[in-house]
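What follows is a set of notes on a single structure, which appears directly below.
The values are calculated or read from the model by the stated rules, or taken from the named source; none is laboratory data. This one's a predicted model, so the numbers in the text were calculated from it and none came from an experiment. Because the Cβ atoms are built from the backbone with ideal geometry, glycine has one as well, and the counts that use them run over all protein chains shown. Surface accessibility is based on the protein's heavy atoms, side chains included, excluding ligands, DNA and RNA. Shrake-Rupley method; radii C 1.70, N 1.55, O 1.52, S 1.80 Å.
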Amino acid sequence: MNNLKLLTPGPLTTTNTVKAEMLYDRCTWDQDYKVITQKIRSQLLELAGASMHEYAAVLMQGSGTFVVESVLQTAITNEDKALIITNGAYGERIVKIAQYMGLHFSEYRVDYHQYPKEADIRTILEEDPAITHMIMVHCETTTGILNPVDMVAKLSKDFGKTLIIDAMSSFGGVEMDIPSLGIDYLISSANKCIQGVPGFGFVIAKLEELLGCGGNSRSLSLDLYDQWREMNRDGKWRYTSPTHVVAAFSKALDELMAEGGVSARYTRYRKNNQILRERLERLGIHAYISEEKQSPIITTFLFPNESFDFGDFYAYVKERGFVLYPGKLTDVDTFRIGNIGEIYEEDILALCNIVEEYMGVMVK
Ligand SMILES: *Cc1c(COP(=O)(O)O)cnc(C)c1O
């Protein structure tokens, strides 16, 4: 089988050494395995700049969405009210979870290419004291916009709200000091910037908050508090855990540390992204998000002209070894290119040459 490079924001291209960890079978209740879980939990806190006295890392089976749902289940009661800030499909997915659960919430929605506005949020918080929780996506993977987490974190502190951040596609690739931001729940998953394979996600939760959440969840399997209690004893997961995925993730964390941690990974991703944006711009393929709002993770590009056929372009690029991502916007024709994972400058340069070749072929 041809080993394609995935320019998608998860699952993404992983190293062979990460994949090799999955060649062994492990027992969920065995001491050696529980040690791996505990090691992962402490490494995640280290990446977050958080101390074990103030925060806990809790791992949860499922894709990222399951973990978002577990936080909403566990942290928000029927007496609470959430303010969900959205500018993309992942924010809207949080709204959908809240609707399924019958949570009290209001949505503050801005256009996909815009930042939420501080003055607007302030007004909402002043006018609606019933709000207890604020929720926002950090990197909106829909467009690639990197939302102003500092501004929102400061507002949540000023108004004394519990802050939940979906940092699924940014944690491990963008530096974030979780304690100084005062984030109460940060959510991410195995198969994004930490460069593991899919199968579970994790939450970095402020203990002060989490400790008060016993009995809140209306879902047993998604009860983050119960999961934390069990896991906190000695590293045992509740119910079957994705053992192969967990072992691969442990390796991926070691490789992230060996690369030089989050700042080194950020530098690599940023460079990849800059080259990509610049080269495609020269070919008349413009990015949807302006440069100062662009994350180093994924870029949404507008179709270069009327006759551009994404299916044809996708097949052309795939034949040459790279997998792209379709767009997720409804009002304009776009496609997306992720630049995270085991992807280096030479890969991006190779891709840009393929795109250039394709554009040349198309013009003729
Ligand atoms: C990937 C991602 C998710 C989770 O998606 P799953 O398909 O459930 O893993 C949630 N939020 C954001 C911002 C994401 O990028």
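Springs between alpha-carbon atoms under 10 Å, Gaussian network over the chain: tell me which of 299, 330, 142 tops the mean-square fluctuations.
Comparing 299, 330, 142 in a Gaussian network model of the chain, the most mobile one is 330.
Can you give the net charge of the other residues whose Cβ lies under 13 Å from the Cβ of residue 277, counting K and R as +1 and D and E as -1?
Value of the local net charge: +2.
Evaluate the charge dipole of the stretch 269-364 about its Cα centre and quote only its size in Debye, nearest 20, assuming +1 on the Cβ of each Lys and Arg and -1 on the Cβ of each Asp and Glu.
Charge dipole of the stretch 269-364: 160 debye, to the nearest 20.
Across the stretch 214-228, in residue order, what do the Karplus-derived ³J(HN,Hα) couplings come to in whole Hz, using 6.51 cos²θ - 1.76 cosθ + 1.60 with θ = phi - 60° and x for Gly and Pro?
Values per residue, Gly and Pro as x: x, x, 6, 5, 8, 10, 6, 5, 9, 6, 5, 5, 5, 4, 4 Hz.
Out of the total accessible area of the chain (probe 1.4 Å, heavy atoms of protein only), what percent is carbon and sulfur?
C and S fraction of accessible area: 51 percent.
Which cross-chain or sequence-distant (5 or more) residues have an amide H under 5 Å from the amide H of residue 81, H modelled 1.01 Å from N in plane?
When sequence neighbours closer than 5 places are left aside, the close amide H contacts are 132, 133.
Kindly flag which residue pairs out of 157/236; 206/236; 117/154 have an alpha-carbon separation exceeding 23 Å in this structure.
From the list (157/236; 206/236; 117/154), the Cα-Cα distance tops 23 Å for 157/236.
Of the residues 259, 345, 127, which exhibits the maximal mean-square fluctuation in a Gaussian network model of the chain defined by a 10 Å Cα contact cut-off?
127
Report the net charge of residues surrounding residue 343, where surrounding means a beta-carbon distance below 10 angstrom and charges are Lys +1, Arg +1, Asp -1, Glu -1.
-2
In Å, the Kirkwood hydrodynamic radius of the chain over pairs of distinct alpha carbons?
21.1
Using the Kirkwood formula on the Cα atoms of the stretch 233-363, what hydrodynamic radius do you get, in angstrom to one decimal?
16.8
Of all DSSP beta bridges located in the chain, what percent are antiparallel, nearest 5?
55
Relative to the longest principal axis of the C-alpha atoms of the chain, give the angle of the C-alpha long axis of helix 149-159, reported between 0 and 90° and rounded to the nearest 10°.
Compared with the principal axis, the helix lies near 30 degrees.
Putting +1 on Lys and Arg Cβ atoms and -1 on Asp and Glu Cβ atoms, find which of 149, 264, 284 reaches farthest to the positive end of the dipole of the chain.
Toward the positive end, the furthest listed residue is 264.
By its C-alpha gyration tensor, with a ≥ b ≥ c as the square roots of the eigenvalues, how is the stretch 146-300 shaped: rounded for a/c under 1.5, else prolate for a/b larger than b/c, else oblate?
Verdict is oblate for the stretch 146-300.
Using amide H atoms built 1.01 Å from N in the peptide plane, name the residues 5+ places from residue 86, or on other chains, whose amide H lies under 5 Å from its own.
Amide H neighbours of residue 86, under 5 Å, 5+ apart: 108, 109, 110.
Of 239, 296, 170, which is farthest on the positive side of the dipole of the chain, counting Cα position, with +1 on Lys and Arg Cβ, -1 on Asp and Glu Cβ, and the Cα centre as origin?
239
Using alpha carbons only, how many angstrom separate the centre of the stretch 224-240 from the centre of the stretch 244-282?
Answer, in whole Å: 30.
Below 12 angstrom from the Cβ of residue 261, what's the summed charge of the other residues (Lys, Arg +1; Asp, Glu -1)?
Around residue 261, the charge tally is -3.
Can you find, among 61, 212, 75, the residue sitting farthest towards the positive end of the charge dipole of the chain, where Lys and Arg contribute +1 and Asp and Glu -1 at Cβ?
Result: 61, furthest along the dipole toward the positive end.
How high is the relative contact order of the stretch 22-258, given as a whole-number percent (alpha carbon pairs under 8 Å, six or more residues apart)?
30 percent.
Compute the distance in nm between two label points, each set 7 Å from the Cα along the Cα-to-Cβ direction, one at residue 118 and one at residue 219.
3.5
Run the simple label-point estimate for residue 26 and residue 320 please: 7 Å along Cα→C-beta, distance reported in nm.
Result for the modelled spin labels: 4.0 nm.
Which residues' amide hydrogens lie under 5 Å from the amide hydrogen of residue 189, considering only partners 5 or more residues apart or on another chain, with H built in the peptide plane?
Placed amide hydrogens put 202 under 5 Å from residue 189.
With a probe of 1.4 Å, find how much accessible area the chain has per residue, and write the answer as a whole number in Å².
On a per-residue basis, 42 Å².
Taking the chain as the reference, fit the longest principal axis to its C-alpha atoms, fit the long axis of helix 310-319 to the helix C-alpha atoms, and give the angle between the two in degrees, 0 to 90, nearest 10.
90
Angle check, please: helix 64-75 long axis (alpha carbons) against the longest principal axis of the chain (alpha carbons), in degrees 0 to 90, nearest 10.
Helix 64-75 sits roughly 30 degrees off the main axis of the chain.
Got a sec to turn the phi values of the stretch 323-330 into Karplus ³J(HN,Hα) couplings, 6.51 cos²θ - 1.76 cosθ + 1.60 with θ = phi - 60°, whole Hz, x for Gly and Pro?
Each residue of the stretch 323-330 in turn: 10, 9, 10, x, x, 10, 9, 9 Hz.
How big is the charge dipole of the stretch 22-258 about its Cα centre, in debye rounded to the nearest 20, if each Lys and Arg gets +1 on its Cβ and each Asp and Glu gets -1 on its Cβ?
I would put it at about 520 debye.
Got a sec to turn the phi values of the stretch 336-350 into Karplus ³J(HN,Hα) couplings, 6.51 cos²θ - 1.76 cosθ + 1.60 with θ = phi - 60°, whole Hz, x for Gly and Pro?
Each residue of the stretch 336-350 in turn: 10, 10, x, 10, 9, x, 7, 10, 10, 3, 5, 5, 5, 4, 4 Hz.
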